[in-house]
């Protein structure tokens with residue numbers, strides 16, 4: 001009978017005897033979990049796992065899981081995505097790739113589950129499903145049923161899990177340190193006896209004491225490497241732990257044989273010391289990687305845990321997850337905004353640097369949007385809640401950053417394939433070294449071959465891209481740049497031309513109504529009122545400006561609009577009092593298409609003009625002006641200096657486009673383009689060999705963005721724009737655009753530097769070890785240092801934040 005439970009590995013109580021075939025289980029829950037896994041044909045899990053789950057399946061009755069299906073409970077935890085739902089779960093008990101594999105396999109078999117993604121590093125799972133086919137309680141119950149603890153994600157639990165893993169690693173390091181220190185003291189005595197003489201009994205006594213001290217180091221502290229190597233071999237893979245584990249065990253077993261025979265020299269000091277050094281390096285590497293991923297935790301920690309809600313005329317402090325859409329939340333000076341919403345009353349200044357990367361506070365008053373994670377600096381405000389939980393801007397940023405960090409650039413795939421072959425080559429070279437030194441000097445054969453195994457570092461090769469991508473995504477998020485995935489970084493480096501929209505990109509996107517020119521017997525009020533009635537449903541900056549201008553007058557709205565719709569690139573239309581009203585391009589408003597040149601001369605100035613009419617008859621013109629963004633010219637100049645010429649494609653009039661182009665320094669500007677025209681121009685550029693990045697505002701630029709090699713969207717703070725965007729710019733300043741290319745180029749530069757360093761290190765270190773010029777101790781120091789160099793080099797990407 002097995003000493004432990006076949007499923008969870010925990011000790012079986014003496015008064016319990018639950019068996020199935022030849023397997024023993026500690027409880028009926030583990031027996032049920034095994035039967036479920038076995039029945040679904042997923043027994044490969046027990047071959048893949050590095051150890052055991054370490055947790056017993058919990059009670060999974062329906063009453064205990066029912067609260068997860070409560071709609072009120074799900075409001076702050078579940079997001080509506082593409083007609084389905086998405087939840088983030090924290091799965092406790094995951095400790096190896098097999099755990100990830102098993103959970104993904106089990107969840108994907110549930111009806112209605114369309115996507116499952118589990119991050120091994122954070123133990124977080126994102127599950128997307130159809131609520132008509134599967135309930136959230138069934139998803140959580142499935143995970144719990146195979147022996148893992150699943151709960152809707154709480155940031156504090158993730159931090160505790162990482163701290164627990166670091167403590168376990170630190171404990172192993174402590175055991176190795178104790179063993180290495182004491183064995184080294186004994187080694188000093190043995191070295192002294194080697195030169196000055198020592199009787200055989202004393203020498204054997206010291207050997208036995210060294211064996212006793214080294215054994216827990218190799219079995220307990222070294223199990224980190226042994227387990228990884230063994231599980232890789234079971235799956236037919238040569239892992240990076242294999243050379244380390246092989247070198248340690250060969251040296252240990254050789255020393256055991258010497259101790260038992262009482263003849264020869266032992267190397268317990270080498271075993272314990274390089275275990276200590278390797279674990280120290282892994283612990284420091286864990287800390288460094290934690291810093292690299294720290295931006296994610298900092299973003300998570302920006303969201304408050306509690307909120308003050310006005311209910312029945314009283315202020316009530318509740319957990320953020322209990323806040324509902326439509327609630328009114330009180331935010332005092334110094335507090336962070338817990339949810340997304342609009343200010344109902346009060347004026348204040350807000351620090352939005354976490355979202356936009358802009359350090360200067362901005363003033364916000366009634367009607368303005370505040371987003372979760374931003375900080376209220378001055379006055380108290382009352383916020384009307386509009387988005388909660390996974391729907392907030394902060395939650396969506398976290399999803400994008402997390403997904404991007406998990407994506408691997410193509411360059412990393414090459415490194416992974418090289419690393420796998422590299423390990424096989426190292427094993428062959430170690431064998432060659434052993435054979436050569438057995439012929440040349442048998443006393444040095446073991447030491448030199450172990451040095452070859454230890455000093456090689458495929459770890460640096462494997463960490464080269466992930467470490468750099470992790471830091472790059474974090475630095476980008478703090479600068480207000482969200483990159484969709486690693487492939488985007490590589491495509492950004494290949495870009496040869498940047499195309500920009502005008503409104504909202506080169507200009508502020510906040511046009512103001514400057515003039516109203518009525519025609520016939522109409523007056524300015526009639527023209528503005530009709531236009532505002534139609535445009536009140538528009539999301540375009542021009543439409544919002546027209547409606548805003550009407551509101552400033554405080555006039556009542558006499559018109560009822562039905563069937564309002566946006567016609568991309570042309571304007572808005574709707575039925576007003578039984579008549580078709582249109583606002584936008586002249587050819588759209590007036591059937592038959594009057595020529596703009598036939599309009600009054602004063603309409604030819606550099607101003608954006610929108611026509612307004614009813615049933616094909618022109619009522620008048622509304623002229624709008626939009627200020628150019630600060631530092632727009634500097635940003636365009638920076639792109640040109642980086643070898644990226646800039647083209648502006650706009651649907652506006654030629655006079656306006658030429659003026660904006662002249663003021664910003666754009667080399668080429670084209671006007672009067674419909675959305676399809678912008679797409680066609682980009683396609684023509686690509687056919688001529690250009691790799692195009694398109695920067696748009698996501699309103700009428702969807703076809704052009706889809707056509708471009710890289711799609712950048714200048715998003716509103718609370719709207720993360722189109723799903724097809726490769727890059728989302730939360731900071732609306734144009735200076736962010738050249739920073740995107742700088743970040744991408746620096747990231748790939750760091751990755752290539754890491755690969756070159758890894759190649760140089762191994763080409764230098766391996767011949768030195770084979771020649772016998774490097775001892776195992778020196779090899780044990782050099783190997784983790786090479787990994788730390790790679791991670792440290794990646795951390796240099798954080799300097800981009802200081803240079804902004």
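Coordinate-derived values only; no laboratory data. In this text, all values refer to a predicted model and were calculated from it rather than measured experimentally. Cβ atoms come from the backbone with ideal geometry, glycine included; neighbour counts cover every protein chain shown.
When only alpha carbons of region 304-391 are considered, Rg and Dmax amount to 11.9, 38 Å. Protection proxy ranking, highest mean first, for peptides 478-484, 725-731, 86-92: 725-731, 478-484, 86-92, where packing is the per-residue count of other beta-carbon atoms within 10 Å, averaged. Residue ranges 341-350, 681-690 sort as 341-350, 681-690 when ordered by packing (mean number of other C-beta atoms within 10 Å per residue, highest first). Quick check on region 512-625: take the gyration tensor over C-alpha atoms, sort the square-rooted eigenvalues as a ≥ b ≥ c, and tell me if it's rounded (a/c under 1.5), prolate or oblate. It is rounded, given that a/c, with a ≥ b ≥ c, falls under 1.5.
Applying 1/(1 + (r/R0)^6) with R0 = 51 Å to the Cβ-Cβ distance of residue 436 and residue 167, what FRET efficiency is obtained, to the nearest 0.05? If you can, show how the numbers build up before the last one.
On the way: r = 44 Å, r/R0 = 0.85.
Efficiency, from the Cβ-Cβ distance: 0.70.
If you plug the beta carbon distance of residue 257 and residue 764 into 1/(1 + (r/R0)^6) with R0 = 25 Å, you get a FRET efficiency near 0.15.
Remark: the residue 658-residue 796 segment gains 45.6 nm on full extension, using 0.36 nm per residue and subtracting the alpha carbon distance.
Model label points for residue 223 and residue 181, set 7 angstrom from Cα along the Cα-to-Cβ axis, are 2.3 nm apart.
The peptide list 200-207, 175-182, put in order of mean Cβ contacts within 10 Å with the highest first, becomes 175-182, 200-207.
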